[in-house]
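Okay, so here's the structure we're looking at.
The values are calculated or read from the model by the stated rules, or taken from the named source; none is laboratory data. Note that the coordinates shown come from a computational prediction; the quantities given were computed from them, not determined experimentally. Cβ coordinates were reconstructed from backbone atoms using ideal geometry, including for glycine residues, and neighbour counts include every protein chain displayed. Protein only, heavy atoms only, side chains kept; ligands, DNA and RNA dropped before computing areas. Shrake-Rupley method; radii C 1.70, N 1.55, O 1.52, S 1.80 Å.
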Amino acid sequence: MEFMKKVEEISKKVGDTATTTYNTVADKSGKLIEETKLKIAISDKETDIDEIYEEIGKAVYNAYKAGEDVGKEFTKQGKKIDRLNEEIKEMNKKILFNKNLRVCESCGETIPLLSKFCTNCGEKQKVVKFKEEKKVIKKEEVEVEKVCPECGEVCEPTVKFCNKCGHKF
C-alpha cells in the first residue's frame, strides 16, 4: 500500500507540473499570437501612412507640374523627378532602338524605326539620324556593311555615297 501512495503522490506532482507547464505554454502562446496580430496591425497602419505620404507627394508634384508655387524644397524634388523621368524616357528609347522601333511623337504608338509615316495615325515622322561610329578595323576584320547616318539605309561596304539619299561616307 505504501508503494501505491508514493505512486499517487508522484502522479499528482507530475499532473500538477504538466498542468502548470501547459497553462504557462498556453499563456505564452496566446501572448505571442496577440503580439503577432498587433505587429501585423501596426504594419498595416504604417502601410496606410506610407500611402498617404505617397498621395501627398503626388499632389505636390502635380501642383509643381501645373506651375503652382510649391516652395523651394518641393520644386527641387520636382526637378529631380523630372530629370529621372527624362532618363527613363531616354532608356526606353534606347530599348526600342535596339529592337528597330521608336515611338510616334504624335500618338505615342510604337512603330518601326525607319517608318516615314506612323502606321497608327498616319503622321509624318522625323528622319532618324544615326551617329557614325569610327571603328578601327584590324587587318583580319572585313567590313560587311555601312549604315547611312542620314537615312539609315544599309549599303555595301565599298560605296562612297548612300544609294538612297546620296550622303557621302
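Descriptive notes on the structure:
- Verdict on Tyr22 being within 32 Å of the chain's Cα centre (by Cα), farther than 30 Å from Gly152 by Cα and not charged (D, E, K, R): no
- Residue match in region 94-111 (condition: open to solvent by less than 60 Å² (accessible area, probe 1.4 Å) and assigned to a helix (DSSP H, G or I)): yes
- Scanning region 43-73 for residues that are in a helix (DSSP H, G or I), of a type in the set (A, V, I, L, M, F, W, C) and more than 23 Å from the chain's Cα centre (by Cα) yields one hit, Ala63.
- Condition met for Lys72 (of a type in the set (Lys, Arg), modelled with pLDDT under 90 and open to solvent by 100 Å² or more (accessible area, probe 1.4 Å)): yes
Matching residues to (1) in contact with a helix residue (DSSP H, G or I) (Cβ under 7 Å, 6 or more places away or on another chain); (2) open to solvent by 100 Å² or more (accessible area, probe 1.4 Å); (3) among the acidic types (Asp, Glu):
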residue: Phe3; (1), (2), (3): no, yes, no
residue: Glu9; (1), (2), (3): no, yes, yes
residue: Lys13; (1), (2), (3): no, yes, no
residue: Thr19; (1), (2), (3): no, no, no
residue: Ile42; (1), (2), (3): no, no, no
residue: Lys45; (1), (2), (3): no, yes, no
residue: Ile49; (1), (2), (3): no, no, no
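- Search result, residues across region 112-147 that are modelled with pLDDT of 85 or more and open to solvent by less than 80 Å² (accessible area, probe 1.4 Å): Pro112, Leu113, Ser115, Cys118, Cys121, Gly122, Gln125, Val147
- Meets criteria (charged (D, E, K, R) and within 24 Å of the chain's Cα centre (by Cα)) for Lys12: no
- Among residues that are under 25 Å from Asn85 (Cα atoms), open to solvent by less than 70 Å² (accessible area, probe 1.4 Å) and out of contact with any strand residue (DSSP E or B) (no Cβ under 6 Å at 6 or more places or on another chain), Ala66 is not included.
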